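Working notes for the structure below.
The values are calculated or read from the model by the stated rules, or taken from the named source; none is laboratory data. On a predicted model such as this, the values are computed, not experimentally measured, just so you know. All Cβ positions, glycine included, derive from the backbone under ideal geometry; neighbour counts span all protein chains shown.
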Amino acid sequence: MWRHLKPTAAIILLEILIYLILSLEFFPAIQYLGFSLTAFEHGSFWTPLSSLFVHVNIFHLGINMLFLYVFGTAVEEGVPGGARKVPLLFFIGGVASLFLGVPLYPLNTTVVGSSIAVSTVIGAVLAAIPMRRSPFFLFHAPLGLVATVYLIFNAFMTLAVPDSAGGVAYPSHVIGFVVGIAISLIWRAARQPKVAAYHP
C-alpha cells in the first residue's frame with residue numbers, strides 16, 4: 001500500500017496512524033518522544049524526528065495535516081522533482097528548524113508537532129510556486145498569498161506572545177518557513193545552467 005502513495009499522502013497517513021497509536025497512552029508520548037535540548041543531550045537522540053509525529057490533540061493534528069496536504073501536494077505537482085522534495089523538506093527542514101529554534105526557548109522546553117516541518121513546506125511553496133492556486137476551500141487564492149498570511153500571523157504572534165503562551169511554538173514556525181525558502185532557493189540555484197566564461 002505504501003508504495004502506491006504519494007509522499008504527502010504517506011506522511012499524512014503515518015501521522016494519523018501514530019497519533020491513533022499514541023492515543024492509547026502506552027507511555028507518556030510527549031515525555032519520551034518530544035524534543036528538548038536537555039533530553040537530546042541526555043541521550044534521547046531520536047526526539048528531533050519523533051517529535052514531528054506527536055500531537056497534543058486531534059485539532060492540532062488536523063490543522064497541520066490540512067496545511068501539509070495543500071502545500072505538500074502543490075510541491076509534488078508544481079515543482080520539478082517535487083515527489084522527492086516533499087520528504088526532504090519535511091524531515092530535513094523540520095529537524096533543522098528544531099535545532100535552530102533552541103536558543104529561543106528554555107532548555108527544558110519540549111516541542112512536539114509537525115507544524116515546524118509543515119512550515120518548511122509552506123516556505124518552499126512561497127519561493128518556488130507562489131502563483132499556484134489553492135483548493136476551493138481556500139477560495140482558490142494564490143498559495144503565495146496564503147503562505148504570506150501564515151507567515152505574518154506567526155510573526156505577529158511571536159512578537160505579541162514572546163513566551164509562547166498557550167504552548168504554541170510560533171518562533172519555530174517562522175524559522176521553519178525561512179528554512180523552507182532557503183532550501184527552495186538552493187534547489188533553484190542548483191538547476192540553473194552553468195555558463196563557462198570564455199577568455200580569448
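Values as computed for the structure displayed
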quantity: Output for region 15-32, where each listed residue is in contact (Cβ under 8 Å) with a residue 12 or more places away in the chain and out of contact with any Phe, Trp or Tyr (no Cβ under 7 Å at 6 or more places or on another chain); calculated: ILE16, TYR19, LEU22, ALA29, ILE30, GLN31, TYR32
quantity: Elements of type helices (runs of 4 or more DSSP H) in region 1-93, at least 3 residues being surrounded by fewer than 16 Cβ atoms within 10 Å (Cβ to Cβ) and hydrophobic (A, V, I, L, M, F, W, C); calculated: 7-22, 58-78
quantity: Test: residue in region 101-108 that is surrounded by fewer than 21 Cβ atoms within 10 Å (Cβ to Cβ), assigned to a helix (DSSP H, G or I) and modelled with pLDDT of 95 or more; calculated: no
quantity: Criterion (at pLDDT below 95, farther than 19 Å from GLY72 by Cα and either among the acidic types (Asp, Glu) or surrounded by 10 or more Cβ atoms within 10 Å (Cβ to Cβ) (or both)) met by exactly one of PRO193, PRO200, PRO171; calculated: PRO171
quantity: Condition met for LEU126 (hydrophobic (A, V, I, L, M, F, W, C), surrounded by fewer than 24 Cβ atoms within 10 Å (Cβ to Cβ) and at pLDDT below 95); calculated: no
quantity: Any hit, region 90-107, residues being touching a residue at least 60 places away in the same chain (Cβ under 8 Å), among the β-branched types (Val, Ile, Thr), out of contact with any Leu (no Cβ under 9 Å at 6 or more places or on another chain) and within 28 Å of GLN192 (Cβ to Cβ); calculated: yes
quantity: Whichever residue in region 12-37 is modelled with pLDDT of 90 or more and of a type in the set (S, T, N, Q) and, among such residues, is farthest from GLY113 (Cα to Cα); calculated: SER23
quantity: Qualifying residue in region 159-173 (condition: in contact (Cβ under 8 Å) with a residue 24 or more places away in the chain, among the small types (Gly, Ala, Ser) and at negative phi); calculated: yes
